Every structure is written in structure tokens, then in C-alpha cells.
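Computed from the coordinates by the stated procedures, all read-outs in this text should not be read as laboratory data. Small disclaimer: the values here were computed from a predicted structure and weren't measured. We place every Cβ from the backbone using ideal geometry, glycine too, and count neighbours over all the protein chains shown.
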Amino acid sequence: MTLRTLVAGSTCLVTDERGDVADAGGLFVADTRHLSRWTLTVPGWPLDVLASTAGEVVLAPPAPRGENPPFLVRRRQRVSGGALDEELMLTGFAAAPLALRVALAAGADFADQMQLRSARTFDKADAVRHASVEPGRLVFAYVRQGFHRRTEITADPAAALTADGAQWTVTLPPGGEVVLRATVTRGDPVVPRPPAPAPAALAAGLGDDLARCVRRGLGDLDSLAMTAGELPPVPGLDLPPGVVVPAAGAPWFLTLFGRDSVLTSLFALPYRPELAEGTLRLLAATQGTTHDAVRAEEPGKIVHELRQGELAVLGEVPYARYYGTVDATPLFLVLLAAHHELTGDDLLAKDLEPAARAAVRWMLDDGGLRTTGYLRYRTDGPGLVHHCWKDSADSMVFADGTVATGPIAVCEAQGYAYRALRGVAGLARRAWGDPTWAAELDRRADRLRAMFAADFRLPNGFVALALDGADRQVDALASNAGHLLWSGILDDRWADRVAERLVSDDFWSGWGIRTLAEGQVPYHPLSYHRGGVWPHDTAIAVAGLARAGHAPAAARIAEGLVAAGAAAGGRLPEVLTGLRRGAGPPVPYPHSCSPQAWAAAAPLLLASTLS
């Protein structure tokens, strides 16, 4: 089934090609499904789809060969600020007035997005659901243990409302039009959204396909931009109006994600610097302050994600404010340093100096740099097994398929830590007037680089994916090496060897870099983290190859990724399968988010790297 996805911040509508909600689709707002049924019918008249795009569906009743349909329906849908606006424009072509009934069947199950994505069963026998018709509106309500949500449906012109939806009776004149509108809201004030930024000027010399991908990526980032008011309340947070952060992806990740939002903001920095400021300020405001094992919180640690769905609010999953990430903290520091280097914004750098110092303390202490030499994470805590970007339970594997157990020191987190230490050292000199601390951080970075070369270099000259809990090298050949090229932690000779290996045919699908090199026991081309191609991962590899002086290889890999985006109208999905180019068009991973923030931002990193 072809799905349509409309997204605006934390609001997302997923429908079939008719514009109807079916199966796992719905109107999602802030992690909750506010519409689980939304179906258009014209009783007595079956409707065929003539055209279907993101913004409009055109339908008409089937007509015998040689005859024309008596009317046409244009169905236009728009989402924003927790609401769905639906417009139905009926145009008549019959010789006489045509009496029609037009119905929108509605229902709301208020399912939590995590419930829909999980195989786990949640007991909700104590939930109370209610549908009622109030003056001028149909209301669906849900209450469970103090968690309450509400969906309201109104119609213009007035419709006959029942607990099952709305129905109009209209007369369609010959050659005339009738316009019907329905509005679905979540029953509380709509969050105002800032106007979209003006289109960014594209760097000169970009090819047409890359320019198209950049424009589409910027448009997707604008649709994924959330105001602070669309997120769970953050005590003490008082941000200026218009501050925005990128949600991670539609439909499942429409919230602030530490790692995703930081990398997206970093890639988009030359085009949308306001995303970086919003992300940095919100992550600083939600920075860990205590030790809480249930949430994986530690002082100075940057949050993994915020959630406001039923399961999170009631504590049935740990994700209301969850800190299960080893890399968001160093990446927060990388973004802060990059933002200051590009913009010279001393005010933001000084405002966030306490958060930056706390983040460095976390890397040294709870993170493990001072105690074990590396950033590590446990694999036996609540929530996610793995706390790196490859966070599926089976992602950390040896070449023979054995799953690594923790505490894990994943390779790219050490690269991020290295780059963070260098970046904060620069900030300490330029913005904070603390050359003594800057020198200390540089020494720490030097020690980390030397240790990494001793412990992570595989006998074949590549980079170990990780060290497991017994400090054994996890020897699967993985795309994480591209992040190390980007970070600068590899010396020149090692970087050359890694770069040459990373672009060989077992890694390179023709569309991008596979997460695991083909031919290894755990490899599968349709695997999320063990063979699929992630556009953001490939874009980082391109930037790393360019940094290591391998410009021709960087250009070749970039061309493949741009070609994959061009084949889909400029939009890259979250994940592509690892199937080889030449066997057909690029194939998205079956459950890819689209649009997805760091996939949308990947062409921006390519443009910055290649221009």
C-alpha cells in the first residue's frame, strides 16, 4: 500500500492514496493517535483515485467506456499545530442538479505511537473512552489514570454529526462547485508555528540533482521544525518566540532526539543556523542533573529523547525523558563549537558555558573517559540495549555473528569525544578566556587519540566496531569508520587505509555505504543496522573521505547518494536497503521514516563538503 505522509512539527497525518486513514495510519499529535479512522464516502457512488499527491487527492465515480463521470472530488488536506484541515471540493458535470450525500467516518483510539510500534501488549482495561455530539462538534475523549486526551471535529457548512462521523447532504448544480470543510483538533490550544524561513541560497556549482535534493531537504526540515511549545513542558525553560528544533522523523519520532537533532542541526548549520541554537538551548535545559537508573540519567548527560504519550507519561516505558545515549553529549559539544566557529555568537557560547562544562565532566566521569579511557554504555539497563546510533538490539556484532555484550565502547563515540574535546578547547580560548582548561582538554584529546590507535586498530588495518565488556575488539567491518574519518581521531596513514577499505565494493552498494560490509555472516541487505544504507551515515563518510584527502572517492560516493535521492524526487528516506545499484531503483527499508531529519539534512552536508 502506498502511504501519504503530511507533517508539521509534532503533527503528522498518515493516509492511504485515497486520503483515508487505514491500518497503522492516523492523525498523530505529540505521540498520540487522535484519529484512527477517517474515511470519505459518497454513499451510492464508489470513487476511484485519479491522482494522489501529498497535498491533494482527486477522485471520481467510475464511468462506462465512452461516458464521463458526473462529478469530481478534490480532497485537500493540511496539518499544522495539532490540527487537520480537510477541504472537499465537488465539481458537477451532470446535465441536471445532482443530490449527493458526502460522509466522513471518524474514530479515535488514542493509541500511543510506541504501542503501535511494539510487539508488547499493554493492559488498558482501566481506560475510559467516550464519543459524544456537542453543539457544533463531535468529541472523542480518552482518560486513563489521569492521562487524558481529546479530539474535536467541526464541519463547515454544518453537517449531521453522529458518534461515527459527519455527513452532508448537498445539491451539486451542473458545472457548479460545492466546498465542504472539516477540521480536526486535539481539543486544546493550537501551538503557533513560525513562518518558514526564506529559501536559502544554494552554493554555486551544485549539480541539478544535488540542488534538487538540497531544496527538498530544506523543505522537509522546515516541516519537521517544532516550537518548544510542541514538546513536553521543560521546567524553568523560557525561550524567545520562534525558537525551533528539528523533530527526528515522521511518523514515529516527532520529538526532540538528542543525537538526531544535533546531527541534523550540524549538517544544516550553513542553511538553518536557527535550528542549532534552538537545539542547543533545549538540550542544555534538559541536561541531566542527578543519577536516575530508570531513565539512564546522569549529571551533565544530554537527553536521548522526550516523549509525552500515554505510556511515557504513566511510566510504562522509560522514555518521557530518557538519557540512554552515549553520543549525544559529545555531539552537543561538537555542535556548540561549530556554531560558534561559523557565527561568532559569543552570547550563546557564554550562556551555554555551564552546560558545556557539565557535559565535559560527564564524559570524563560517568561517561568513562577518565576511569576506563573510553566513553562506554551498559547494555543491561532499561529501554534501549545499545546507546549509539546503531541502537537495535543486534547491531553490535563480531564478524562471525556473535552479539557483543557490554559495557560497550563503540568506536564512533570515541571519535565524537575527540572532536568535542578539541572543539571545547577552542571555545575555552576564543569565548571563555580559559587557556589553562583549553590546554588540559587538548592533552586529554591527544591521550584519547593515542589509546584509540593502540586498542581499536584491527590486524587487517581497519577499525574495530567496538570494544566489548571484556575489551575484545568487535571485529565486524562497519560503516562507523566513516564517522572516525570525519572526527579526525585517525592519524593520516591509518585514515588513508581506512578510507580505501571503506569505498570497496563490499561496503559500497552504488547508492551508499552499507552499515556492514557485504559477505560477513551477520550481513543482510534488508537489515536496519547490519546491511542497510543510511543517507546520513553515508554523508558523514563523504565528509570524512574529503577530510582525509580522498576527494575523488568522496565525489563518487556522493554521486550515488544524490542519484538515490533524485530517483525519489529529491527526498532520501531514513534507510535504504543494501541491494546493489544496477539491479533496479533504490529500495527503501520497509519501515523507513519519511521525511526524516538527518536524511533530509544529508544533502546539505554533501553540498557543504563538495562546494
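Overview of results
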{"quantity": "Top positive-direction residue, dipole computed over the chain with Cβ charges, set Ala420, Ser527, Tyr271", "calculated": "Tyr271"}
{"quantity": "Cβ-based exposure ranking for Thr264, Thr325, Thr53, in which fewest neighbours within 10 Å come first", "calculated": "Thr53, Thr325, Thr264"}
{"quantity": "Fewest-first sequence of Asp260, Asp471, Asp455 by Cβ atoms within 10 Å of each Cβ", "calculated": "Asp471, Asp455, Asp260"}
{"quantity": "Mean separation of Cα contacts under 8 Å, 6 or more apart, over the residue count of the stretch 47-118: relative contact order %", "calculated": "19"}
{"quantity": "Surrounding net charge for Gly107, when Lys and Arg each add one and Asp and Glu each subtract one, Cβ distance under 11 Å", "calculated": "+1"}
{"quantity": "Among 589-601, 332-344, the order from most to least packed when residues are scored by Cβ within 10 Å on average", "calculated": "589-601, 332-344"}
{"quantity": "Highest-first arrangement of 348-361, 113-126, where packing means the average Cβ count within 10 Å", "calculated": "348-361, 113-126"}
{"quantity": "The stretch 468-520 and the stretch 1-51: distance between their alpha carbon centers, rounded to Å", "calculated": "41"}
{"quantity": "Debye, to nearest 20: dipole size of the chain, +1 on Lys, Arg Cβ, -1 on Asp, Glu Cβ", "calculated": "280"}
{"quantity": "FRET E, pair Ala338, Arg447, Förster distance 25 Å, beta-carbon r, rounded to 0.05", "calculated": "0.60"}
{"quantity": "Theoretical gain in end-to-end length, Glu56 to Ala583 [0.36 nm per residue, Cα-Cα removed]", "calculated": "186.5 nm"}
{"quantity": "Protection-proxy order for peptides 363-374, 302-313, each taking the mean of Cβ atoms within 10 Å per residue, highest first", "calculated": "302-313, 363-374"}
{"quantity": "Cβ-based exposure ranking for Val133, Val463, in which fewest neighbours within 10 Å come first", "calculated": "Val133, Val463"}
{"quantity": "Set of aspartates and glutamates near Lys350 by C-alpha distance (under 15 Å), chain-local residues within fewer than 8 positions excluded", "calculated": "Glu277, Glu341, Asp434"}
{"quantity": "Using a Förster distance of 25 Å, the FRET efficiency for Thr121-Val294 (Cβ separation, nearest 0.05)", "calculated": "0.70"}
{"quantity": "Sites Leu3 and Thr41, calculated FRET efficiency, Cβ-Cβ separation with R0 22 Å, nearest 0.05", "calculated": "0.65"}
{"quantity": "Degrees, to the nearest 10: 328-343 long Cα axis against longest axis of the chain", "calculated": "90"}
